[in-house]
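Trainee: Below you'll find the structure I mean.
The values are calculated or read from the model by the stated rules, or taken from the named source; none is laboratory data. Everything numeric here is computed off the predicted structure, so don't read it as measured data. Here the Cβ positions follow ideal geometry from the backbone for every residue, glycine too, while neighbour counts run over all protein chains shown.
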Amino acid sequence: MSVLLALDTSTTAVTVAVHDGTRTLAERSTLDARRHTEILAPSIRQVAIDADVTPADLDAVAVGVGPGPFTGLRVGIVTAATLGHTLGIPVTGVCSLDAIAHEVLVAGGPADFLVASDARRKEVYWARYAIVEGRAVRQGEPAVAKPADLPQELRGLPTAGRGPVLYPDLFATPLDVLDVSAGALASFATIEQRAGREPLPVRPLYLRQPDAMPAAARKPVLP
């Protein structure tokens with residue numbers, strides 16, 4: 001049995017799961033867009049208790065690398081990297097939109113669909129997916145845009161994520177999957193690893209500059 005800890009903080013859900021290579025042993029998700037730091041560590045401890053595993057039992061960590069807002073996203077990535085370094089186990093990155101798409105696939109979703117998550121600033125992170133040979137395959141790189149700027153062809157697709165909740169007039173066919181599930185992320189990472197596909201590096205997919213930028217250096221008043 002290979003024990004995988006999976007976590008994601010790219011959306012409003014702080015989600016953590018333990019997976020044994022076949023199924024999810026325990027999962028915990030908390031909806032709170034502002035308290036990722038306070039929620040993540042207790043969630044990791046709780047799923048470990050629920051799954052009856054210790055840190056020494058873990059063989060790997062998988063983490064959602066976004067796209068997502070700057071502050072929340074880095075909490076999960078830094079935590080995953082720290083755990084991997086401390087325990088001496090590998091850490092792999094997963095596109096968070098891919099994890100949502102995998103859950104749509106498992107739920108028996110449509111053959112062609114969109115994932116659109118909240119990017120704030122009245123924008124969404126989005127990617128299009130097609131079911132190919134039993135996989136939800138992303139059609140191109142993730143992007144960020146105002147929903148109204150997406151072509152009608154895309155907005156007319158069945159759409160997972162919080163985009164349809166936030167912009168119901170623009171996304172006509174919402175799907176039930178709203179946020180990343182760490183269990184789905186773990187399942188996706190396990191399948192990709194067994195198929196020999198290269199994981200993403202453990203680096204955040206911001207797709208744009210963070211909201212808070214360092215102030216530019218002021219020019220001296222005196223010569």
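Trainee: Starting from residues that are part of a strand (DSSP E or B) and aliphatic (A, V, I, L, M), keep the ones in segment 33-87 and report whichever is surrounded by the fewest Cβ atoms within 10 Å (Cβ to Cβ).
Mentor: 60
Trainee: Among the residues of segment 1-11, is any out of contact with any Lys or Arg (no Cβ under 9 Å at 6 or more places or on another chain), in a helix (DSSP H, G or I) and in contact (Cβ under 8 Å) with a residue 24 or more places away in the chain?
Mentor: no
Trainee: If you take the residues of segment 21-40 that are without any contact (Cβ under 8 Å) to a residue 24 or more places away in the chain and out of contact with any helix residue (DSSP H, G or I) (no Cβ under 9 Å at 6 or more places or on another chain), which of them is farthest from residue 118 (Cα to Cα)?
Mentor: Ranking the candidates gives 38 first.
Trainee: How about segment 1-29: which of its residues are under 12 Å from residue 182 (Cα atoms), among the β-branched types (Val, Ile, Thr), modelled with pLDDT of 95 or more and out of contact with any His (no Cβ under 9 Å at 6 or more places or on another chain)?
Mentor: Result: 15, 16, 18, 24.
Trainee: Only residues in segment 66-95 that are under 14 Å from residue 7 (Cα atoms) and assigned by TED's automatic domain parsing to the domain that holds residue 32 count as the first member; pair them with residues that are at pLDDT below 95 and part of a helix (DSSP H, G or I), Cβ under 7 angstrom, at least 6 apart or cross-chain, and list the lot.
Mentor: Once the first residue is under 14 Å from residue 7 (Cα atoms) and assigned by TED's automatic domain parsing to the domain that holds residue 32 and sits in segment 66-95, its partners that are at pLDDT below 95 and part of a helix (DSSP H, G or I) give 66/73; 72/36; 75/36; 75/37.
Trainee: Taking residue 103 and the conditions (1) assigned to a strand (DSSP E or B); (2) buried (at least 23 other Cβ atoms within 10 Å of the Cβ); (3) not β-branched (Val, Ile, Thr), which numbered condition does it fall short on, given that it satisfies the others?
Mentor: With (1) assigned to a strand (DSSP E or B); (2) buried (at least 23 other Cβ atoms within 10 Å of the Cβ); (3) not β-branched (Val, Ile, Thr) applied to residue 103, the lone miss is (1).
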